[in-house]
Amino acid sequence: MQTDDFSIETILAESRRFMVPLYQRKYQWADDRLTPFWDDVEAKATEVLEGNSRFQHYMGALILSPLGEGSQIGITPRMQIVDGQQRLTTFQLFLAALREIARENELPEVIEQVNGYLFNVPRSKDTDPLVRFKLTPTPSDREVFHDIIDSPYREVRIKYNRYYWGGGVPKNTPVRALRAYVLFLNFIRQFALTGPTDVQREEEDGDEPKSTERAPKELIEQRLDALLRAVLAQMKLVVITLGEGDDAQVIFQSLNSQGLPLLAMDLVRNNIFHRAERQSASTEELYKELWDPFDDYWWKENAPNARPMRPRIDHFLAHVLAAETGASIAMRELYSEYRAFATPRGKPRFPDVEDELKLLQRHAPIYETLEGRKSANPTMAWLGRKLATWQLTTAYPVMMQVAQAGLPEAEQDRIARLIYSYVVRRAVCEMTNKNLNKLFQAISQRFYEDTPSYDLLRTFFLSRSGESSRFPNDDEFKRAILTKPVYRNAPGERNKDILWELELASRSKFSETVARPSGLWTEHVLPVSWNEDWPYAEGDFVARGSADPRADARDALLQTLGNLTLITGALNISSGNKGFMQKREKFEEHTSLFLNKWFTKRTAWTEVDIKERGEHLAEKAVLIWPSPEV
């Protein structure tokens, strides 16, 4: 038995056939495995584009058993895949999808390069027509897999049309290889068009890209090349080659019985306590006092608002490393990152392991507070709730630095509110949030190089002038509130969060202090499906979809903040598309929110009223979400 690690390029470049034995399952990977696979590839490709790829990423194991004719001249060697066929099949499907996007963009050099990792050149004594394929799956998968590898997508789409629904291949399809191929087409096409993304991905069954904006051909080629380099050079497998005396089927059954995957933090723990033993430290006492709290199940649960989908303990470690170094941390190489942190250039950073463990313990309460488990710090608890709503955990290292700096509570609060203001203003102003990871890492680096403070954060924001990172000013923010579709730009809980902050700002000092009620819905006062019950301020009624400029202007205002409010779900359903006077009566009878007092003295609700209320809310908004210029 021989063991070594190889890049995907090394594994696939050699002329040989990978044979999946009959006793193995057909291809099974679904979205819960495919999406993290893509996240890993995208992260590595992003590092390649930025020239910042430091570690290769392990993708698991591949166990091979050579078949008898491997040494015969003129015959392509065959390797039976004992374990790892799901991974290897996924790499092949990904390469086929990448080749298809290259074909869409007329990039023949990329196509030719990819084909070298999908096909063999048959040798003189080869007789099996399937020898040209690098991978031969089980018979149940073979036809669809080889059609994907061998044919343009349009032919695959026609032949397997019965498995499509609504333009895509559903998640519950019995042909998982086809679903994987179509999903990768979608991901790669979007990456080629728009580049890396940090935003939360919506789950879709469709295979159409979310953006149809055409990127320059040279840029598309650069992005596809980065994906190809990421897969081939930056990812590797541990390859175990069995000897003649090893029973491949017994090994396969043993490997796939009851094993549980190790977390990155498991590897870190093993590393820490291995070094503790070498230091003759009392490992049992250290474990009980400083590590045992991390064994609580809460730490093993996936962090609900973070990407990639990993347990909290892994994300916590990544945030600690970012806070302690100010550097960008590769989540997918977390163990390598930690080893580089704990022993920089081979020299221990800490005098002993106990100091190392105490560092983790110092950061843990703030992380738990940001995640809503504890209330160790009121400011962090408040910001944690806001960041959860906006699904933005990339700000955690910054706030961990703030907490460790021992700043006065008032200054911590100003920092937290400026960060919250930045996120909300950019969303309302319809600015991209693709670069928030880089921005908060840059803040963390500044805080690492200097002492964290509000003035330093304010100066940082004022120094940003590019569209991808600048802080919207007051005039721009007000204008966006009046004209931008806030309902769509800040969807779901986010527009409710904005409206609730406006509700709190609408209350007087004599009002009761209440928490936000559960079950509130965002209501369009002038309904989206408006009808004759909603006349115009002037002129005759014009129906929706009539192409009349007045109808278009009304539709543009519907989603702005001036037309939105909060009510209960039951009241939302009851109000429906009723005329304004009926809706006002229901508001007067059933809602006590200050936001809704605005409507009680109105007799109509038109575009003029929406703009007036929008201007009123905009004046409050610039105080709730302040600018660094103030």
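The values are calculated or read from the model by the stated rules, or taken from the named source; none is laboratory data. All values reported here derive from a predicted model rather than from experimental measurement. All Cβ positions, glycine included, derive from the backbone under ideal geometry; neighbour counts span all protein chains shown. These area figures cover heavy atoms from the full protein model, side chains too; ligands, DNA and RNA do not enter into them. Shrake-Rupley method; radii C 1.70, N 1.55, O 1.52, S 1.80 Å.
Can you find a residue that is of a type in the set (Val, Ile, Thr), in contact (Cβ under 8 Å) with a residue 12 or more places away in the chain and touching a Pro at 6+ places or on another chain (Cβ under 9 Å) anywhere in segment 387-409?
yes
Scanning for something part of a helix (DSSP H, G or I), surrounded by fewer than 18 Cβ atoms within 10 Å (Cβ to Cβ), of a type in the set (Lys, Arg) and out of contact with any Phe, Trp or Tyr (no Cβ under 7 Å at 6 or more places or on another chain), does segment 482-490 turn up at least one residue?
yes
Residues that are touching a Leu at 6+ places or on another chain (Cβ under 9 Å), charged (D, E, K, R) and touching a residue at least 12 places away in the same chain (Cβ under 8 Å): does segment 471-481 have at least one?
no
Considering only segment 277-315, state which residues are within 13 Å of residue 373 (Cβ to Cβ) and exposed (fewer than 13 other Cβ atoms within 10 Å of the Cβ).
Those that are within 13 Å of residue 373 (Cβ to Cβ) and exposed (fewer than 13 other Cβ atoms within 10 Å of the Cβ): 296, 297, 301, 304.
Do you know which of the residues in segment 241-276 that are hydrophobic (A, V, I, L, M, F, W, C) and loosely packed, with under 11 Cβ neighbours inside 10 Å is modelled with the highest pLDDT?
Keep residues of segment 241-276 that are hydrophobic (A, V, I, L, M, F, W, C), which gives 242, 248, 250-252, 255, 260, 262-265, 267-268, 272-273, 276.
Next cut, loosely packed, with under 11 Cβ neighbours inside 10 Å only: 250, 260.
Values: 250: 58, 260: 50.
Among those residues, the one meeting the criterion is 250.
When both residues are 6+ apart or on different chains and their Cβ atoms are under 6 Å apart, which pairs have a first residue that lies in segment 536-557 and is more than 15 Å from residue 606 (Cα to Cα), and a second that is open to solvent by less than 60 Å² (accessible area, probe 1.4 Å)?
Qualifying pairs under 6 Å: 548/542.
Here is a list: 337, 354. Which entry is farther than 24 Å from residue 236 by Cα, in a helix (DSSP H, G or I) and modelled with pLDDT under 95?
Unique residue meeting the criteria: 354.
Among the residues of segment 67-110, which ones are open to solvent by 40 Å² or more (accessible area, probe 1.4 Å) and in contact with an Asp or Glu (Cβ under 9 Å, 6 or more places away or on another chain)?
Scanning segment 67-110 gives 78, 109.
Limited to segment 62-86, what total is found for residues that are part of a strand (DSSP E or B) and either in contact with a helix residue (DSSP H, G or I) (Cβ under 8 Å, 6 or more places away or on another chain) or at pLDDT 90 or above (or both)?
Residues meeting the conditions: 10.
How many residues, within segment 295-332, are part of a helix (DSSP H, G or I) and in contact with an Asp or Glu (Cβ under 8 Å, 6 or more places away or on another chain)?
Qualifying residue count for the region: 5.
If you go through segment 573-602, how many residues are polar (S, T, N, Q), touching a residue at least 40 places away in the same chain (Cβ under 8 Å) and open to solvent by less than 30 Å² (accessible area, probe 1.4 Å)?
Summing the residues that are polar (S, T, N, Q), touching a residue at least 40 places away in the same chain (Cβ under 8 Å) and open to solvent by less than 30 Å² (accessible area, probe 1.4 Å) in segment 573-602 gives 1.
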